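This report refers to the structure that appears directly beneath it.
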Amino acid sequence: MIAQDGRVPWRTYARPFTGNASAPRIALIVTGLGMRTSATQAAIAQMPPDVTLAFSPYASNLPMWMGRARQMGHETLLEVPTEPVGFPTMDPGALGLITAVSELENRKRLESALASAGGYVGVLATHAGRYTDTPTALRPLLESLKARGLLYVHRGAPRAVNANADVAPPVNIATTVLDNPAFQRAIDERLAGLEDTARAQGFAIGTLSASPLALYRATRWLAGLDARGFALAPVSALVLTPDNGASR
């Protein structure tokens, strides 16, 4: 929540950006954490602190996991399950925000998810789909996050976010899912594509799961990122400004 002195969580819990301020910025978000112990431990321990870690609201011991990640220097996000393409075959679960239920029910689900832990800078939509693409459905989510001083990492096209600019919190757009499909060549190609995006627009955000292969390929790629002229940044360092540029 926003403190009495005006401090907001997305700044209070942000990891400072210490990279090359003139270099294109790339944020990497590891998703789905807290659901599998080994994968969560690996992401927290193996990823550099500038990699942002996103945790599922369905995780057991969620406050413990998020606290451990912050102790290791990572910025954290809470995942908000959103209606995916293919719903209802793909079901986001009991906390899922979906267009088939009332706004009141979605608000209750959001409140439950947000209350599952603390100390995070914002939320990540788990899927692009009908919910994130529908301006009227997305608006209550954006209103709630803005009122709490949280940033929002969007999946999919920005149309619904742009249509709600009057109530939107600080926003990032996740540009690339790096491990779908999840085999080595595809991951490496998408990591290279993430660099192309950052080079073209000054910043890019990629997401990946905590599978052993994805973490291994990301670790190898990160080792040479600075030498290739890019700066790894926590996601809060890529917040979009009204002119649609990343804050520098």
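The values are calculated or read from the model by the stated rules, or taken from the named source; none is laboratory data. Given the structure is predicted, the values throughout are model-derived calculations rather than measurements. Cβ placement follows ideal geometry from the backbone for every residue including glycine, while neighbour counts extend to all protein chains displayed.
So, in segment 19-45, how many residues would count as being part of a loop (DSSP other than H, G, I, E, B) and either surrounded by fewer than 12 Cβ atoms within 10 Å (Cβ to Cβ) or free of Cβ contacts under 8 Å to residues at least 24 places away in the same chain (or both)?
Residues meeting the conditions: 2.
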(message) Whether any residue in segment 207-219 is surrounded by fewer than 17 Cβ atoms within 10 Å (Cβ to Cβ), within 16 Å of D50 (Cβ to Cβ) and over 16 Å from the mean Cα position of the chain (by Cα) is what I want to check.
(response) yes
(message) Return the residues of segment 167-185 that are in a strand (DSSP E or B) and in contact (Cβ under 8 Å) with a residue 60 or more places away in the chain; say none if nothing qualifies.
(response) V171, N172, I173, A174
(message) Looking at segment 89-99 only, could you name the residues that are at pLDDT 95 or above and more than 20 Å from the chain's Cα centre (by Cα)?
(response) A94, T99
(message) Only one of A42, A23, A27, A69 is within 20 Å of T175 (Cβ to Cβ) and touching a helix residue (DSSP H, G or I) at 6+ places or on another chain (Cβ under 7 Å). Can you tell me which?
(response) A27
(request) Only one of these is of a type in the set (G, A, S), in contact with a Leu (Cβ under 9 Å, 6 or more places away or on another chain), within 20 Å of A128 (Cβ to Cβ) and modelled with pLDDT of 95 or more: A59, A27, A43. Name it. (result) A27
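Counting residues that are closer than 18 Å to V239 by Cα and not hydroxyl-bearing (S, T, Y), which helices (runs of 4 or more DSSP H) fully inside segment 100-152 reach at least 2?
The qualifying helices (runs of 4 or more DSSP H) are 135-148.
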